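Okay, structure first, notes after.
FYI, it's all coordinate maths here, none of it is from the lab. Quick caveat, the model's predicted, so the values are computed rather than measured. When we count neighbours, we look across all protein chains shown, and the Cβ atoms used for this are built from the backbone with ideal geometry, even at glycine.
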Amino acid sequence: MRRLALIATAAALCAGLTGFAALEHTTSSAAPAGVPASVPGTAHRALSIDAVVSKLQESLRRQPADGAAWAQLGSAYVEQARLTVDPTLYPKAEAALRRSLTLQPVGNTAAQTGMAGLANARHQFTRARTWADQAVAGNPYGWAAYGALADALTQLGEDTGAQAAVQRMLDLHPSTASFTRASYTLELQGRTDEAAQALQRGLEDASNPADQAFCQHYLGELAFNTGSLAPALAHYRKALALDPTYSAALAGAARAEAALGRTAQAVTDYRTAIARVPQPQYVLELGELLESLGRTVEARAQYTVLEAEQKLFAANGVVDDLNLGQYQADHGSPQLAVTLLTAERGRRHSVLVADALSWALHRAGRDQEALPLAREANRLGWRDATLRYHRGVIEQALGDDQAARTHLTDALSANPAFSPLRAPDARARLARLQGHR
């Protein structure tokens, strides 16, 4: 997403630093941290969301024609699935949301927004946009629908529309949820200082420890991905102090510990995080850390878990060709990765897909096809270390040593510890290239 002027409404500006326009006048920096556009403050809410689900189920047993309650139940199932990484809840969510729409087919923006959230969770982003558009049309002042719309458009690569949706969400409801989305958009543009400001504003607006922990965690992500390892670990630990059950912060701490050379503690913390919530990202990161330590049997066991998780997601309607393709490119079949990611490219044109497909093509020995996609992945000003590393390796394979030096240097400048496997390779490649000057 290239730098665009975004104009907040007068009402938003009256509230202070509530829109991108207010952020526009601060100093920009680089290297976004990849904050996901998700609902914040859910670290220790697994128990509370269970209670919400139980209460709604009990209420619906008494009043089965309550369309609003069915919409609430469907959205609660989506949140429960996200917190527990249990995709078997998605069919339940869809059934509840469709029941709501059957009971209340007109003006049911809550169920439409819920369907948009469900589709986003399943990586069905075109469908999510359709549902979110319907919700917005039915209620232009419903801020939550703009969040779902922004999430979908971001993944589809429709950058201008995504920014407009986030801006509208900020204007209607300046809150932790909207500020964290604003932060993600800003860092994708390479505006890291402003992204941190948005997270700080979200932290200030957070009304409970869970939301505060969420913001501290993503301040940690921002710091880590810009190479500030000790500050990143401090933010992750602040998040854990606020919410000791926050598995994402524990995995973040493990990531920072590994980068700081505290690998034994990192392995322990990864295992604890995975035991709580088996997020595929944590499983993959632990596998790659173990592989970097020469513990290949243990690493392979993690990859086997990841493959099983992917099958479970697919069986419950989750289209996850991006993550599966990325995994296959590095740890499985590059040819299969190309097939998966080409299909994903047909569904969405985000920079993440462009990068993943370019890397899969490189791994499959198709560097001429890979380079244009690697360039496209860098189109937004996103100075992500992995993207720069991928591009540099592809350029090196094509014999463009000068460009390869530039992008490998950029990768290590952004974050010298961006990966336990890839960062050492970047340093080794750069040393060889510099010796060939």
> Helix 247-259 versus the longest principal axis of the chain: what is the Cα-based angle in degrees, 0 to 90, to the nearest 10?
Replying inline: 10 degrees
> Using mean Cβ contacts within 10 Å as the protection proxy, how do 402-408, 130-136 order, highest first?
Replying inline: 130-136, 402-408
> At what distance in angstrom do the alpha carbon centres of the stretch 113-152 and the stretch 338-387 lie from each other?
Replying inline: 26 Å
> What FRET efficiency, computed as 1/(1 + (r/R0)^6) with R0 = 25 Å and r the Cβ-Cβ distance, is obtained for Q335 and T130, rounded to the nearest 0.05?
Replying inline: 0.15
> Amide H of G190: which non-local residues (sequence gap of 5 or more, or other chain) have their own amide H closer than 5 Å, using H built in the peptide plane?
Replying inline: R383
>> Once R0 is set to 56 Å, what does the formula 1/(1 + (r/R0)^6) return for the Cβ-Cβ distance between A428 and S54, expressed as a FRET efficiency to the nearest 0.05?
In response: 0.55
> Just from its helices, what would the mean residue ellipticity at 222 nm be for the chain, if runs of 4 or more DSSP H residues each count -39500 (n - 2.57) and the sum is divided by every residue, rounded to the nearest 500 deg cm²/dmol?
Replying inline: -23500 deg cm²/dmol
> Using a ≥ b ≥ c from the Cα gyration tensor of the chain (square roots of the eigenvalues), is it rounded, prolate or oblate, where a/c under 1.5 gives rounded and otherwise the larger of a/b and b/c decides, a/b for prolate?
Replying inline: prolate
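In percent, how large is the relative contact order of the stretch 75-195, given Cα pairs closer than 8 Å and 6 or more residues apart?
On the way: 151 pairs, mean separation 19.0, N = 121.
After rounding, I find 16 percent.
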>> Test of understanding: express the Cα radius of gyration of the stretch 324-369 as a ratio to 2.2 N^0.38 Å, with N the residue count.
In response: 0.97
> Under a straight-distance cross-link criterion of Cα-Cα below 19 Å, which lysines are reachable from K92, leaving out those fewer than 8 residues away in the same chain?
Replying inline: K55, K311
>> Starting from 0.36 nm per residue, how many nanometres of slack lie between R375 and N139 once their C-alpha separation is accounted for?
In response: 81.0 nm
> In degrees between 0 and 90, to the nearest 10, how far off the longest principal axis of the chain does helix 109-121 point, with axes built from Cα atoms?
Replying inline: 20 degrees
>> Can you compute 3J(HN,Hα) from phi for each residue in the stretch 402-408, using the Karplus curve 6.51 cos²θ - 1.76 cosθ + 1.60 with θ = phi - 60°, rounded to whole Hz and x for Gly and Pro?
In response: 5, 5, 4, 4, 4, 7, 5
> Is the stretch 206-315 rounded, prolate or oblate when judged by the Cα gyration tensor, a ≥ b ≥ c being the square roots of its eigenvalues, rounded requiring a/c under 1.5 and prolate requiring a/b larger than b/c?
Replying inline: oblate
> Angle between the Cα long axis of helix 296-315 and the longest principal axis of the chain, 0 to 90 degrees, nearest 10?
Replying inline: 40 degrees
> Given N residues in the stretch 316-435, what is Rg(Cα) / (2.2 N^0.38 Å)?
Replying inline: 1.02
